[in-house]
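Heads up, the thing below is written out as structure tokens.
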Amino acid sequence: MVLSNTERKIIENSIRDIKDFPKPGIVFKDITTLLNNKEAYGVLMSHLYTRYKEYNLDYIAGIDARGFIFGAALAQMLNIGFVPIRKKGKLPYTTISEKYSLEYGIDEIEVHIDAFSEIPNAKVLMIDDLIATGGTANAAANLINQAGANCVESCFIIGLTFLDGIEKLKEKTDVYTLIEVE
């Protein structure tokens, strides 16, 4: 299931470009304008529901923090559980963590050790707003698998194809992007 040209335009037109944020030379893709546009957000969530309703997923794992917005809503629509993948130090129970490289250093994300324990080899969709270099997404996919689940696909609203994050992640899991920016 792919977006129709009309659906793609509605979603694309609702995302604002912010030049030189967070630093000079970067064009930031601002999804807050998508979130407050009821038509665009509705088109997006309806599309995601239609795409994933036949996947027989057990959980959706959303990456901190924008992945929570789409992931929790989609999990509710699909009547399945939602698991947050958070930045280090934000989860209250025993966790497993994964470090990853950034252009300016190292960061770390974590998930509760028992996040997927109710269903052996749970089928998990990982979701976030954007994939660029893929560091966070690869670390999140690793965590899902380390926690005893199976990351069956990773979904991103926006994929920056001029970076190699999508290709790197495809070595671990299927990847679906709604909008690609070249």
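All of the numbers you see were taken from the coordinates with simple rules; none came from a lab. Here the structure is a predicted model, which means the values were calculated and not measured. Neighbour counts run over all protein chains shown; Cβ positions are idealised from the backbone, glycine included.
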Counting other beta carbons within 10 Å of each residue's own, what order do PHE116, PHE28, PHE162 fall into, fewest first? PHE162, PHE28, PHE116
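What length, rounded to one decimal in nm, is gained on full extension from GLN146 through to GLU54, with 0.36 nm per residue of separation minus their alpha-carbon distance?
Details: separation 92, 0.36 × 92 = 33.12 nm, distance 2.50 nm.
Full-extension gain reported as 30.6 nm.
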What distance in nm separates the two pseudo spin-label positions at PHE162 and ASP17, each 7 Å out from Cα along the beta-carbon direction? 0.9
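Quick check on my link table: of LYS19/LYS53; LYS38/LYS172; LYS9/LYS90; LYS29/LYS88; LYS9/LYS53, which ones sit more than 31 Å apart, alpha carbon to alpha carbon? Spell out each step's value before the answer.
On the way: LYS19/LYS53 37 Å; LYS38/LYS172 34 Å; LYS9/LYS90 36 Å; LYS29/LYS88 24 Å; LYS9/LYS53 23 Å.
Among LYS19/LYS53; LYS38/LYS172; LYS9/LYS90; LYS29/LYS88; LYS9/LYS53, the Cα-Cα distance tops 31 Å for LYS19/LYS53; LYS38/LYS172; LYS9/LYS90.
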Taking other Cβ within 10 Å of each residue's Cβ, how do TYR176, TYR49 sort, fewest first? TYR49, TYR176
Could you work out how far apart the two model spin labels at ILE106 and LYS38 are, taking each label as a point 7 Å from the Cα in the direction of the beta carbon, and quote it in nm? 4.8
For region 5-181, diffusion coefficient by Stokes-Einstein and Kirkwood Rh (Cα), 4 °C, 1.567 mPa s, µm²/s: 78
